[in-house]
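The values are calculated or read from the model by the stated rules, or taken from the named source; none is laboratory data. Keep in mind that this is a model prediction, so the values were computed, not measured. Positions of Cβ are generated from backbone atoms using ideal geometry, with glycine treated the same way; all protein chains shown enter the neighbour counts. Just the protein is used for accessible areas: all its heavy atoms, side chains included, with ligands, DNA and RNA removed. Shrake-Rupley method; radii C 1.70, N 1.55, O 1.52, S 1.80 Å.
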Amino acid sequence: MSKVKLCNNCKNNRESDDIWGSGYISWIADDDYICPLCQKKLIDTSLTGEEDDVLMEISRSANFYDAMIELKEKDPIEFQLKMSQFRNQVKQQEAVELQNIPHCPICNSTNIKKISGMSKAKSVAVWGIFSRKVHKQWYCNDCGSEF
């Protein structure tokens, strides 16, 4: 299981609270890797890659990461409770984002495209006032319906 790495030199010389450039590096799997910024040796933190994925959705604060690592080391039960809450929060955010994606009312597909103004104009030119596209916004690429 991959661990989030930490460069203590970069951590001690932080210029901002943003996670990028804070000393935390999650994309490196090699244990002998050095910090790409200061060339110092990286150490493993107690955070796993999966935990990092969740925490990244919650906050980009380096101080937040510091606190979560400290919590995991001092009170693992409380850490797991917090992570459970964060996972639920991320799932709820993803569900809300999925609800905001338009979908076809016929086949429920999200493989849709917006009907262009030019397409509507061509339809009016051909069919006149009997054009069906004038009041439609979307075209389903799966079932062909316009809505």
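Heavy atoms of the protein chains alone define the surface here; on that basis the chain has 67 Å² accessible area per residue at 1.4 Å probe size. Between amide H atoms placed 1.01 Å from N, distances below 5 Å from residue 109 occur with 104, all of them 5 or more places distant or on a separate chain.
The angle between the Cα long axis of helix 62-74 and the longest principal axis of the Cα atoms of the chain comes to about 60 degrees, rounded to the nearest 10.
On the chain, 53 percent of the accessible area sits on carbon and sulfur atoms, based on a 1.4 Å probe. Projecting the Cα atoms of 10, 106, 55 onto the charge dipole of segment 1-127, computed from C-beta unit charges around the Cα centre, puts 106 farthest toward the positive end.
Charged side chains reduced to their Cβ positions (Lys and Arg at +1, Asp and Glu at -1) give the chain a dipole of some 1180 debye around its Cα centre. Less than 5 angstrom separates the built amide H of residue 24 from those of 7, all sequence-distant by 5 or more or on a different chain.
Cβ-Cβ distance of residue 73 and residue 94, R₀ of 25 Å, FRET efficiency by 1/(1 + (r/R0)^6): the value works out to about 0.30. For segment 8-68, what class follows from the C-alpha gyration tensor (a ≥ b ≥ c being the square roots of its eigenvalues): rounded when a/c is under 1.5, otherwise prolate if a/b is larger than b/c, else oblate? Oblate is the answer for segment 8-68, as a/c is 1.5 or above yet b/c matches or exceeds a/b. With both labels modelled 7 Å from their Cα along Cα-to-Cβ, the residue 111 to residue 33 distance reads 3.7 nm. Contact order, relative form, for the chain: 17 percent (alpha carbon pairs under 8 Å, 6 or more residues apart, mean separation divided by residue count).
With R₀ set to 35 Å, the beta-carbon distance separating residue 14 from residue 137 gives a calculated FRET efficiency near 0.15. Could you sort out which of 5/91; 40/91; 41/91; 40/82; 82/113 sit more than 29 Å apart by Cα distance in this structure? Going by Cα-Cα distance, 40/91; 41/91; 40/82; 82/113 fall outside the 29 Å limit. Using every pair of distinct Cα positions in segment 1-112, the Kirkwood expression returns a hydrodynamic radius of 15.9 angstrom.
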